[in-house]
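Colleague: Dropping a structure here in structure tokens format, bear with me for questions.
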Amino acid sequence: MRIRVVPAVLGAVFLLTACSGEAGPTPKRAPQDPGPGALQVKLEALTVDTCYTEPAEQDPPGCEKYVTQLGSVPGKARQFAGTAHPELARYGTELEAAITAYRADSCNTEAGTGAATCSDALVAIADALGGVESALGAVVSTTPATETGTTPG
């Protein structure tokens, strides 16, 4: 008797799973862009880094993580600039160029440690980042709280 029950149970389980009308889990929506307020919070955190506050005194490879964290900032700056805030787009473009210079000169490796261009790139990154932060403040102050990713306090 036991031998006949096992195949019958396995057959029933197979039929139940094969006949399921559900195609699988419903795809989730892409998360909504948190807006310029979230970028402002990110910049507040990054602008306390010594690679920002004292760029000329840094060992360039030691700033690789900082530079990597800035990777999405130029694109977001241009996105949030729209047509109403061209200065934000300009600073975003300057930041992107400075990040590119840092990487092109191998400043993230020991080979770029002594290069004056690496120190110059870190200074240019800090200058452009300061501009982005300042110009972003104007965008955040003119954007409703629901679009900035922040809530009124």
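The values are calculated or read from the model by the stated rules, or taken from the named source; none is laboratory data. Keep in mind that what you see is a predicted model, and the values were worked out from it rather than measured. Reconstructed Cβ throughout: ideal geometry from the backbone, glycine too, with neighbour counts over all protein chains shown. Heavy atoms of the whole protein, side chains included, go into the accessibility calculation; ligands, DNA and RNA do not. Shrake-Rupley method; radii C 1.70, N 1.55, O 1.52, S 1.80 Å.
Colleague: Going through region 63-90 one residue at a time, which ones are open to solvent by 60 Å² or more (accessible area, probe 1.4 Å) and part of a helix (DSSP H, G or I)?
Modeller: LYS65, THR68, GLN69, LYS76, ARG78, GLN79, PRO86, GLU87, ARG90
Colleague: Moving to a separate point now. Condition check: modelled with pLDDT under 95 and either open to solvent by 10 Å² or more (accessible area, probe 1.4 Å) or over 14 Å from LEU39 (Cα atoms) (or both). Does ALA124 satisfy that?
Modeller: The answer is no for ALA124.
Colleague: Taking the stated definitions as given, is ALA98 under 23 Å from ALA135 (Cβ atoms), among the aliphatic types (A, V, I, L, M), modelled with pLDDT under 95 and surrounded by 12 or more Cβ atoms within 10 Å (Cβ to Cβ)?
Modeller: Considered against the rule, which asks whether it is under 23 Å from ALA135 (Cβ atoms), among the aliphatic types (A, V, I, L, M), modelled with pLDDT under 95 and surrounded by 12 or more Cβ atoms within 10 Å (Cβ to Cβ), ALA98 comes out as no.
Colleague: Shifting gears a bit: Scan (1) outside any loop (DSSP other than H, G, I, E, B); (2) among the charged types (D, E, K, R); (3) open to solvent by less than 70 Å² (accessible area, probe 1.4 Å); (4) modelled with pLDDT under 70 for the single condition ASP33 breaks and write down its number.
Modeller: That leaves (1) as the condition not met.
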